[in-house]
Amino acid sequence: MEVVTSASRPSRPGSDGPVNPADADPVGRGPAAPGRAAAALAGLVTAAAGMATAAATASVLGLRLSPVGAVAEGVVEATPGGVARVAIDLVGQWDKPLLVAGVLVVVLGLGAIAGLVARRRLLVGQLLWVALAGLGLLAVLTRPGVAATGLLPILVGAATWLLMLPFLLGPGSVTAGPSGSDPDGQRDPGERRAFLRRVLLVGAGAGVLALGGRVASGGRRAVQATRARLDLPVTGGTVPAGADLEVSGLVPWRVSNEEFYRIDTALVVPALEVDSWRLRIHGLVEQEVTLSFEDLLNRQLTEAWVTLCCVSNPVGGDLIGNAWWSGVRVAELLAQARPLPGADVVLQTSADGWTCSTPLEVLTDDRDALLAVAMNGAPLPLQHGFPVRMVVPGLYGYVSATKWLVDLEVTRFDRVEAYWTRRGWAPRAPVKTQSRVDVPRGGQDVAAGSVTVAGVAWAQHTGIASVEVRLDGGPWEPVDLARVPSVDTWVQWRGTVQAAAGRHTLAVRATDRSGATQTGVRRDVVPDGATGWHTIEFTATEGT
Ligand SMILES: Nc1nc2c(c(=O)[nH]1)N[C@H]1C(S)=C(S)[C@@H](COP(=O)(O)O)O[C@H]1N2
Ligand SMILES: [Mo]
């Protein structure tokens, strides 16, 4: 190929080729080296094209992750827990899109560099691409559950990279050589146009592929369709009379699937087909068990109200929700597998390789620890673990609530370390008794006099005995509790305080049914959940 020989010819100091005066590079070079800006642009567009063909291949194959996604997820996993927390505190729910955007920008940047290098030495530039593709390959290989087809997107992307650059920089592209420059260092406008045409062509092609790949994302659509067709033998759950106080501004007692908080490490939500879904129960058991989705539905289904809560919920935070869950009791399945003496934990693994460990005793006592298939009467939304997840009353989500569950290993605490445990969080984490003020909102203005205050309190699987509020550091005053169907859900509370005009602070604390009152000592969420009294400020104003 013509361009290979010319662009990769080593430049020699003092070579007799004419030097473009507009170019500060004192070194002479071959007759067809492209200008710098053109080379960088060509590299950048090449990078985009390779990522686009790789992503399109991944979606045609129905893979969960494109190579870019795999790299981003690899970054998440390699990030120490502390750094991840700071990052999430800074950018909140934007963490995932920002991370993917970051990877895109880095690859585009490296592409521009590869383009600049290839300007003189195409082979070296192409080697850079190969190295980059190698990194992508590594990222893909470290993702759990990659089949051989998982490598195809990388190969397609790498091939795109290797072919696109020579195409863009090929004959007719902008060159700084004799045919491409006039004495003022101006490029030949015809060649410039030809080059720009190619860049536009490849850029547009990449754009179409990237968009087309999204739309055609076969696997995900099929799973959404399956989910929509599923007719599960479950009920929707009726909010028990007296559980929801219906105070304006107070969180509804039942949180809808749309409003339910979402926490997970998956950059792209796994899309699992129910037909091929299997759950393996193995490890320290007498009898290994493998279940299909149908096997699960053929068992006795249990339904219960359970409040799920994240350990990362700060005091006063909203990483908590209550829903009606339908599923099979984990205890029943474990009874079939028959754990061996010495086993004390069940390590769960999700389809995307996330792990969590739950004490065996919690899964075999009389509580409703469920392999849930439905949430508020509907099949689990993809984001919340379709088709099967764990829900365990009384434990934080990171030690109990595995979504997209595919594997249960009965084992011993001294043999395993789960995803967040490895990152400094406690291996055992029962939910701490907590309470929150929803009404008034912090910073709100209310009319002076009798002020309605309301909120929620929770101590899953222990139960709430009483809730008290305190205005401006005065005495603790009890408030009314709503009714709840069990000790496994949060409890709404409501009361009134007398507030004169001016600024006020309101604090809340709960006492659980074990008799323990929430401590006022403020502790951060790491390693096993925050403590402290939620305290808000509001202003009472004379009636208008
Ligand atoms: N597969 C998988 N399951 C997971 C997680 C995860 O990262 N991956 N996060 C857990 C955490 S930390 C919490 S708090 C709950 C949140 O469940 P939700 O997103 O349905 O509210 O899911 C748990 N299950
Ligand atoms: Mo969590």
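Where a number appears in this text, it was derived from the coordinates with a stated rule and is not lab data. Keep in mind that this is a model prediction, so the values were computed, not measured. Cβ atoms come from the backbone with ideal geometry, glycine included; neighbour counts cover every protein chain shown.
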### Query
Within a Cβ distance under 11 Å of G520, other residues only, what is the Lys/Arg minus Asp/Glu net charge?
+4
### Query
Tell me, what are the semi-axes, in whole angstrom and largest first, of the equivalent ellipsoid of the range 390-519 as set by the roots of 5 times the Cα gyration tensor eigenvalues?
37, 15, 13
### Query
Pulled fully out, how much extra length does the chain show between T496 and D344, if you take 0.36 nm times their separation in residues and subtract their Cα-Cα distance?
50.0 nm
### Message
Whole angstrom only: what separates the Cα centroid of the range 59-137 from the Cα centroid of the range 287-302?
### Response
40
### Query
Given a Förster radius of 30 Å and the C-beta distance between D244 and T519 as r, what FRET efficiency does 1/(1 + (r/R0)^6) yield to the nearest 0.05?
0.55
### Task
Take each of the peptides 97-106, 158-167, average the number of other beta-carbon atoms within 10 Å over its residues, and list them starting from the highest.
158-167, 97-106
### Query
Under the Karplus relation 6.51 cos²θ - 1.76 cosθ + 1.60, θ = phi - 60°, what is the ordered set of whole-Hz ³J(HN,Hα) values for the range 284-290, x standing for Gly and Pro?
7, 9, 6, 10, 5, 10, 10
### Query
Net charge near A78, counting Lys/Arg +1 and Asp/Glu -1 over other residues with Cβ under 14 Å of its Cβ?
+1
### Query
How many percent of the alpha carbon pairs in the range 288-349 exceed a separation of 14 Å?
71
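Note the full-extension length gain between T541 and R221 as 0.36 nm times their separation in residues minus their Cα-Cα distance, in nm to one decimal. Let's see the in-between values first.
On the way: separation 320, 0.36 × 320 = 115.20 nm, distance 5.35 nm.
Full-extension gain reported as 109.9 nm.
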### Message
Mean Kyte-Doolittle hydropathy of 1.0 or higher plus an axial Cα length of 27 Å or more: which whole DSSP H helices in the chain meet both?
### Response
36-60, 95-118, 122-142
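Where does each of 353-363, 412-422, 370-380 land if you order them by average Cβ count within 10 Å, highest first?
Values: 353-363: 20.7, 412-422: 16.6, 370-380: 23.7.
Highest-to-lowest ranking by the protection proxy: 370-380, 353-363, 412-422.
Across the chain, how large is the tail of the calculated P(r) beyond 39 Å, expressed as a percent of all Cα pairs? Display every interim value, and only then the final one.
Details: 63733 of 147696 pairs.
Everything past 39 Å amounts to 43 percent.
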